[in-house]
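Note sheet for the following structure.
The values are calculated or read from the model by the stated rules, or taken from the named source; none is laboratory data. These numbers come from a predicted model, not from an experiment. Backbone-built Cβ (ideal geometry, glycine too); neighbour counts: all protein chains shown. With ligands, DNA and RNA removed, areas are computed over all heavy atoms of the protein, side chains included. Shrake-Rupley method; radii C 1.70, N 1.55, O 1.52, S 1.80 Å.
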Amino acid sequence: MSIYIGTHLATEESRPYNFHMCGIVGYVGRAEATPILLEGLRRLEYRGYDSAGIAVVNGEHQFETRKCAGRIASLAKLIARKPASGHVGISHTRWATHGKVNDENAHPHFDASGKIALVHNGVIENYQALKEQLIQNGDTDFRSDTDTEVLAHLVGNIYEQLDGKDSKARLMNAVRAALKQVIGTYGIAVVHANVPDFIVGARRGSPLVLGIGRDENFLASDVSAIVAYTRDAVYLNDFELVALEPDKFEISSLDGAAGQHAVSRVEFTAEDIKKGDYPHYMLKEIFEQPFSVRDAMRGRLSFEDCTAKLGGLNMTPAELRKITRIVLTGCGTAFHAAMVGEYLIEHLASIPTEVEYASEFRHRNTPMTPDTLVFAISQSGETADTLGALRESRQKGYRTLGICNNVASTIARESDGGVYMHAGPEIGVAATKSFTSQLVILTLIGLLLGRMRHLSTAEGAQLIEALENLPDKVQETLKLSDRIKTLAKKYVDVSGVLFFGRQFNFPIAMEGALKLKEITYLYAEGHPSAELKHGIIALIRPDLPSIFIAPEDAVFSKNLNNIEQVKARKGPIIALTSGNGAGRLKGIANDIVTLPSVPDCLMPILTVIPLQLLAYHLAVELGRDVDKPRNLAKSVTVE
Ligand code: F6R
């Protein structure tokens, strides 16, 4: 076995275990595995980018292993120096939330014999007990601090104890027996150097998808890693294993029963996940919004009945009419969409609506009426907290629907129904187009429920007309990009930014602040404008600008009062407005950005765009890594 590792020295405190929400790619076939694995890892890098590694089996049944701390680019350099050739291999890109980032902790990990390589996403909660058990059996040669290595050793240990000439069945059984001892979550890929052309995959709580090719098969934690090679995919369920060979695959349960599978056609192509002419995915995705907003409502507007058609909810009109309460749950940006959703649904349908952080909802006793409808909102459909909330809600007997972008995701599959965003792949770590798609869908839900209650035909028709025109308004808003870039240059030296908004735009203040924090690392807060005078005003100073989201809407004059309050304390003010707002803000705000006009309830879909652009341009000015901001990962599959 030849292991080449990089030379990165970790400085962080060593901890005995780590959590991952990382990427896995496996390949078995006739082609050279390494370029495919490397390309797959690049596609997954947005999910984790602390360290990376590959192990391929060479012609002498030896592992060629390359792994190092750092980005995929560092791994690629390592491989360029020491090429690794073989037709079967597994690879991993890691995002650690605990434990140091160093070469040794990078995956793949090996069993004691060095013959079994394993990559893992998830957390082995009882790794300590398993490790002690292995040590008692004389297996002491652990090279990393990871829980993953313990699993690799366990598989190896069991493999040695099993008899049988059929080495493939033996490896499957060893993995199966090891996983039965595991408490925790996993998506894994396992290869044995002496079992040719064979990969074992398994999942529990961490996604794994199998890509079917011709005389080659793929395994990945996210289909975007393999869509360049095949669009035929099988999504594994929890407690399922897959045995993968170049020309066949077999799915079975942890108990050994043969599994059912359905082959899905992946909606998007490899082209869709390319940056094209854009310098960053985030900018590309911001500029895709006229299309993603259109796609979120495509086929879902009924001009005849002046309502929305959402068949995916899987609910009859009678059931929908019975709903007395709605709970919207999600994390981060999806939570902010939920906050706008509360305003939208109460405004359009007058149904009491509450918003809960998924992480809070799942662990507390929220009093619920029997006719409560719960929506779990998640771009990835894999966020652990949102999935936990969905499961908790279903367990308590509530109808729980998903609003997801990733159609094959766990949340999409485990919910009672839902509405897909159809926004296309979102690669930039900062969520942009998924947010505006979520807002469109929440508007459609409000419209549908509203039209079953008090909302008139005329009001429904007006909203539909406005929705129809919305993509053009989004396009018009995007023309502000250069102006926002100028503002970013002007404000590049600020110590932070405060964001304020009212009503529909209060959550946009929070979303604007989140975007800024995530990719510029500047201090930022978002608040309802009126809260200013209840404490925040103490922060006002010349190097801390306030951005007011103040379209010419029902609360414009109220916003104007708050703007004056900041002005009186010499705080710089950037105002986002619409209609005649600019005229009234002249001489008060330092900078005024005028957006197209739309009905008040649709305004957040426009007001968020200049804030996305501001975060983007400021991050570029500050030299930040826009698509891979520090410490963040796109999909948070740990609690
Ligand atoms: C913000 C961001 C995160 C996600 C959050 C939920 O830009 O990307 O805050 O919004 O982790 O992710 P999903 O929507 O995939 O559940």
**Q.** Number of the condition not met by SER434 [criteria: (1) open to solvent by 20 Å² or more (accessible area, probe 1.4 Å); (2) in contact with a helix residue (DSSP H, G or I) (Cβ under 8 Å, 6 or more places away or on another chain); (3) part of a helix (DSSP H, G or I); (4) more than 20 Å from THR324 (Cα to Cα)]
**A.** (1)
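How about the range 163-186: which of its residues are over 14 Å from LEU254 (Cα atoms) and of a type in the set (Lys, Arg)?
So in the range 163-186, the residues over 14 Å from LEU254 (Cα atoms) come out as 163-168, 170, 184.
Selection gives LYS165, LYS168, ARG170.
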(Q) Residues that are more than 21 Å from ILE508 (Cα to Cα) and not acidic (Asp, Glu): does the range 543-561 have at least one? (A) no
Q) Can you name every residue in the range 91-127 that is buried (at least 22 other Cβ atoms within 10 Å of the Cβ) and on the phi > 0 side of the Ramachandran plot? A) GLY99, GLY122
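Can GLY312 be described as assigned to a helix (DSSP H, G or I) and of a type in the set (Gly, Ala, Ser)? It would help to see each step written out before you state the result.
Details: assigned to a helix (DSSP H, G or I): yes; of a type in the set (Gly, Ala, Ser): yes.
So GLY312 passes the test.
Working carefully through the options LEU442, LEU401, LEU449, find the one that is over 23 Å from the mean Cα position of the chain (by Cα), more than 12 Å from the ligand (Cβ to nearest atom) and crowded, with 22+ Cβ neighbours inside 10 Å. Steps first, answer last, please.
On the way: LEU442 fails: over 23 Å from the mean Cα position of the chain (by Cα); LEU401 fails: over 23 Å from the mean Cα position of the chain (by Cα).
Sole residue among the options that is over 23 Å from the mean Cα position of the chain (by Cα), more than 12 Å from the ligand (Cβ to nearest atom) and crowded, with 22+ Cβ neighbours inside 10 Å: LEU449.
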Q. Can you pull out the residues in the range 498-524 that are open to solvent by less than 10 Å² (accessible area, probe 1.4 Å) and among the basic types (Lys, Arg)?
A. LYS515
Q. On the given criteria, is PHE435 within 30 Å of ALA633 (Cβ to Cβ) and either modelled with pLDDT under 95 or within 16 Å of the ligand (Cβ to nearest atom) (or both)?
A. yes
Q. Can you name the number of the only condition in (1) under 25 Å from PHE287 (Cβ atoms); (2) out of contact with any Cys (no Cβ under 6 Å at 6 or more places or on another chain) that SER378 fails?
A. (2)
Q. Between a first residue in the range 434-449 that is more than 17 Å from ASN406 (Cβ to Cβ) and among the basic types (Lys, Arg) and a second residue that is open to solvent by 10 Å² or more (accessible area, probe 1.4 Å) and more than 14 Å from the ligand (Cβ to nearest atom), which pairs have beta carbons less than 8 Å apart while being 6 or more apart in sequence or on different chains?
A. none
Q. Here is a list of conditions, (1) within 16 Å of the ligand (Cβ to nearest atom); (2) at negative phi; (3) buried (at least 24 other Cβ atoms within 10 Å of the Cβ), and ARG391 meets all of them except one; can you say which number that is?
A. (3)
Q.
Which pairs turn up if I take residues in the range 468-487 that are surrounded by 14 or more Cβ atoms within 10 Å (Cβ to Cβ) and look for partners that are among the basic types (Lys, Arg) with beta carbon separation below 6 Å, at least 6 apart in sequence or on another chain?
A. PRO471/ARG294
Q: Check every one of the strands (runs of 3 or more DSSP E) wholly within the range 521-639 and list those with 3 or more residues that are within 16 Å of the ligand (Cβ to nearest atom) and either of a type in the set (S, T, N, Q) or in contact (Cβ under 8 Å) with a residue 12 or more places away in the chain (or both).
A: 523-528
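Looking only at residues in the range 391-419 that are in a helix (DSSP H, G or I) and in contact (Cβ under 8 Å) with a residue 60 or more places away in the chain, which one is nearest to VAL223 (Cα to Cα)? It would help to see each step written out before you state the result.
If we filter the range 391-419 for residues that are in a helix (DSSP H, G or I), which is where we start, we get 391-395, 410-414.
Narrowing the set further to residues that are in contact (Cβ under 8 Å) with a residue 60 or more places away in the chain leaves 393, 410, 413.
Details: SER393: 28, THR410: 13, ARG413: 15 Å.
Ranking the qualifying residues of the range 391-419, first place goes to THR410.
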Q. When the range 29-67 is examined, which residues are found to be crowded, with 19+ Cβ neighbours inside 10 Å, assigned to a loop (DSSP other than H, G, I, E, B) and over 23 Å from the mean Cα position of the chain (by Cα)?
A. GLY29
Q.
I need a count of the residues in the range 350-380 that are modelled with pLDDT of 95 or more, buried (at least 24 other Cβ atoms within 10 Å of the Cβ) and under 24 Å from the mean Cα position of the chain (by Cα).
A. 8
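Would you please name the residue that is most open to solvent (accessible area, probe 1.4 Å), looking only at residues in the range 325-349 that are in a helix (DSSP H, G or I) and away from the ligand (no atom under 16 Å from the Cβ)? First the steps, then the outcome.
Pass one, the range 325-349, residues in a helix (DSSP H, G or I): 332-349.
Now drop any that are not away from the ligand (no atom under 16 Å from the Cβ), which leaves 342-349.
Values: GLU342: 56, TYR343: 74, LEU344: 2, ILE345: 0, GLU346: 75, HIS347: 104, LEU348: 10, ALA349: 1 Å².
Once the filter is applied, the top-ranked residue is HIS347.
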(Q) Looking at VAL429, VAL407 in this structure, which one is farther than 26 Å from ASN631 by Cα, surrounded by fewer than 24 Cβ atoms within 10 Å (Cβ to Cβ) and within 14 Å of the ligand (Cβ to nearest atom)? (A) VAL407
